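Quick note: the coordinates plus some simple rules give every number you see, no bench work behind them. Model, not experiment: these values are computed from the prediction. Virtual Cβ from ideal backbone geometry, glycine too; neighbours counted across all protein chains shown.
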Amino acid sequence: MIASMSLAPSRRTFLQQASGALLSLGVGTLTSAAQSPATQVFYDPAMLRHEPASDHPESPKRLDAVMKTVRGLEGQGRLSVVAPRPATEDDILLVHTPQYLRLVRSEIATGLRSLSTGDTEISSGSFGAALTAAGTVVSAVDAVMTGRARNAFCAVRPPGHHASEGRGMGFCIFNNIAIGARHAVRRYGVERILIADWDVHHGNGTQEVFWSDGSVLFFDTHQHPWYPGTGSPAETGEGKGRGCTINRPFPAGAGRNEILDAFRTGLVPAAERFKPELVMISAGFDSRAGDPLGRFTLTDSDFAELTGVVAEIARQHARGRVVSVLEGGYSLDGLARAVDAHIGRLSA
Ligand SMILES: [Zn+2]
């Protein structure tokens, strides 16, 4: 016992020196990249601590359902699960105003049950959860831009695509995907990013953030008329962003024919012109048949095909770089199945 204890430090020192030498040669990096799956899923249980009222559809159970699917795929060696870092205030300020950040922090700290800016319930853990959700997308962008992952899925809540610079609404506090996109621009000098949003609701917050930006092509299929009411085809952006917003609204009952066609005949040629260097997905699965908050009829295999269309755009223009971010999806069983199809295609 004494002998092994006295051996342990020198053995550990030897291993540290050996791995340090390998890392200094770049061997360690190569080895770990070769051994880890190309798809990474970013998740932190801190996001379970955002707790709307018990009967609220945007519940922590959604992430439990998603992660059960993810752990199954991890067990098959299809992906690796990675812990993200929470967003810093500077990350949040890439998109949101300082006044809004202060408002969110103080309303959560004082125990309000709902954000004053919109229909978003909050709890004592919501600020940490919202920072973690935004930081999850930042971490995934880092992984994909540095080549640690080919693509990434962000298992996050609260969702983000309804949040604009100064206003949370529609269950969203911070606009996670917009923060990730701005991070890619600032940190890596990415000039053109595609955000494709297939959530059943229009991503009004994302549209507003990048309305006159020009660095993001925003493509959105959604149900209309439906919450939040925006997303007309006439909304196309302004200034540097003119033509960079593309909306494809469809009536209740729309599904495979309409939405896959919009992606193939609307998104693909637009991406061909725009040539994105990074592709991001606002992956909302409330456009799946049977979702309690939507009336679209997409199936799990339709989500796999949509994923394939977007992944092919990334392969052609963006070295395969895809960062997919969970938005809506409120049937727990349906969400788990749709995520399985989506990540299954990403990791193929
Ligand atoms: Zn939605």
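Return Asp44, Asp199, Asp300 ranked ascending by Cβ neighbour count within 10 Å, so the fewest neighbours appear first. Walk me through the numbers on the way to the answer.
Details: Asp44 21, Asp199 27, Asp300 18.
Going from least to most buried by this count: Asp300, Asp44, Asp199.
Please name whichever of Pro228, Gly170, Ala38 sits farthest to the positive end of the charge dipole of the chain, dipole taken about the Cα centre and charges placed at Cβ: Lys and Arg +1, Asp and Glu -1.
Going by the Cα projections, it comes out as Ala38.
Counting other beta carbons within 10 Å of each Cβ, put Ser139, Ser116 in order, fewest first. It would help to have the intermediate numbers written out before the result.
Numbers: Ser139 25, Ser116 11.
Lowest to highest Cβ neighbour count: Ser116, Ser139.
Calculate the dipole size of the range 189-348 relative to its Cα centre from +1 charges on Lys and Arg beta carbons and -1 charges on Asp and Glu beta carbons; express the result in debye to the nearest 20.
440 debye
Provide the convex hull volume over Cα atoms per residue for the range 38-346, in Å³.
Per residue, the Cα convex hull of the range 38-346 comes to 107 Å³.
Determine the shape class of the range 44-112: with a ≥ b ≥ c the square roots of the Cα gyration tensor eigenvalues, call it rounded for a/c under 1.5, and otherwise prolate if a/b is greater than b/c, oblate otherwise.
It comes out oblate by the Cα gyration axes.
Using the Cα gyration tensor of the range 92-250, with a ≥ b ≥ c the square roots of its eigenvalues, what is the shape: rounded (a/c below 1.5), prolate (a/b larger than b/c) or oblate (neither)?
Cα axes put the range 92-250 in the oblate bin.
Dipole of the chain, Cα-centred, from +1 at each Lys and Arg C-beta and -1 at each Asp and Glu C-beta, to the nearest 20 debye?
1160 debye
Count charges around Arg319 for me, please; just the other residues with Cβ under 9 Å from its Cβ, Lys/Arg as +1, Asp/Glu as -1. Let's see the in-between values first.
Working: positive: Arg150, Arg315, Arg321; negative: Glu277.
Residues near Arg319 contribute +2 overall.
At a 10 Å Cβ-Cβ cut-off, how would you order Met47, Met145, Met280, fewest neighbours first?
The most exposed by this proxy come first: Met145, Met47, Met280.
Given springs between every Cα pair under 10 Å in a Gaussian network model of the chain, which of Gly168, Gly205, Gly243 has the largest fluctuation?
Gly243
How large is the dipole of the range 252-340 about the Cα centre if only Lys and Arg carry +1 and Asp and Glu carry -1, each at its Cβ, rounded to the nearest 20 debye?
340 debye
List the aspartates and glutamates whose alpha-carbon lies under 12 Å from that of Lys68, not counting same-chain residues fewer than 8 positions away?
Asp333, Asp340
Got a sec? Charge dipole of the range 38-346, +1 on Cβ for Lys and Arg, -1 for Asp and Glu; which of Gln316, Ala283, Pro98 is way out at the positive end?
Value: Gln316.
Rounded if a/c is under 1.5, else prolate if a/b is larger than b/c, else oblate: which is the range 54-181, with a ≥ b ≥ c the root eigenvalues of its Cα gyration tensor? Display every interim value, and only then the final one.
Numbers: a/c = 2.51, a/b = 1.44, b/c = 1.74.
Taking the square roots of the gyration eigenvalues as a ≥ b ≥ c, the range 54-181 is oblate.
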